[in-house]
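Taking it in order: structure first as C-alpha cells, then the write-up.
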Amino acid sequence: SPIKGEVVPLNKVNDEVFSGGLLGNGVAVIPDEGMVVSPISGKVEAVLDSKHAIALKSNEGIEMLIHVGLDTVNLEGKHYEAHVSVGDNVNVGDKLLTFEIDKIKKLGYDLITPVIVCNSDNYSKINTEKIGKVNKGETIYSVE
C-alpha cells in the first residue's frame, strides 16, 4: 500500500471511471495521513501538474496509477507536493507525494485514493489481498 488508511474495493469509489475499472483493476485506500510512498521498485512515468496523481512502472512492467482524491485536479496542485519527477527511479517505501489531508477534506474533497494497475489486460488476475486497515508497505493486491 502506498498510503496508511483503509483499503476498500474499487467499486466503492464514487467515480465510475475508477469503480467501473475503465483505467484498470485494483483497490482504493481511504487515507489516514497525507503521505504517499512507492509500493513498487521502478520508474516514475508521470506526475500530473496538479500533483494529485502519479504513474509508476515497476521493474517487472506493471503500470500503476496512484490517484489521490476525486476531482482534486481542481485544486491545481494546492495542498500537494511532489517529491519525485518523471524519469526518477524509485524503490519500495520512497516518498512520492505529500498532501495536506485536513485542508483538502475541509474544502469538501473525497480523498479516496485508487491504486490501479493500468495495464491490467496484460495479466491473468489481480488478486485483492487485503480489505480494511492497512499500513504503508503492506500488500493490498497481487498480480498474476
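Counting only residues that are under 20 Å from Thr98 (Cβ atoms) and over 13 Å from the mean Cα position of the chain (by Cα), which one in segment 7-41 is surrounded by the fewest Cβ atoms within 10 Å (Cβ to Cβ)?
Selected residue: Glu33.
Within segment 50-80, restricting attention to residues that are of a type outside the set (Ser, Thr, Tyr), touching a Gly at 6+ places or on another chain (Cβ under 7 Å) and more than 20 Å from Asp15 (Cβ to Cβ), which residue is least open to solvent (accessible area, probe 1.4 Å)?
Leu56
Hey, can you tell me all the residues within segment 85-144 that are within 19 Å of Lys12 (Cβ to Cβ), assigned to a strand (DSSP E or B) and of a type outside the set (Phe, Trp, Tyr)?
Thr113, Pro114, Val115, Ile116, Val117, Ile126, Asn127, Thr128, Gly132, Lys133, Val134
Could you look through segment 103-128, keep only residues that are within 14 Å of the chain's Cα centre (by Cα) and over 15 Å from Val73 (Cβ atoms), and pick out the one that is most open to solvent (accessible area, probe 1.4 Å)?
Cys118
Restricting to segment 17-70, give me the number of residues that are assigned to a loop (DSSP other than H, G, I, E, B) and in contact with a Ser or Thr (Cβ under 8 Å, 6 or more places away or on another chain). Talk me through it step by step, then tell me what you get.
Residues of segment 17-70 assigned to a loop (DSSP other than H, G, I, E, B): 20-24, 32-34, 38-41, 48-52, 59-62, 68-70.
Checking which are in contact with a Ser or Thr (Cβ under 8 Å, 6 or more places away or on another chain) leaves us with 21, 24, 34, 39-41, 50, 52, 59, 68-69.
Here the count works out to 11.
Can you list residue pairs whose Cβ atoms sit under 6 Å apart, with the first residue in segment 48-67 being in contact (Cβ under 8 Å) with a residue 60 or more places away in the chain and the second being open to solvent by less than 20 Å² (accessible area, probe 1.4 Å) and assigned to a loop (DSSP other than H, G, I, E, B)? Count only pairs 6 or more apart in sequence or on different chains.
Ile66/Pro2
The values are calculated or read from the model by the stated rules, or taken from the named source; none is laboratory data. What you see is a predicted model, and the numbers here were worked out from it, not measured in a lab. Note that each Cβ is placed from the backbone with ideal geometry, even for glycine, and that neighbours are counted across all protein chains shown. SASA here: full protein model, heavy atoms, side chains in, ligands and nucleic acids out. Shrake-Rupley method; radii C 1.70, N 1.55, O 1.52, S 1.80 Å.
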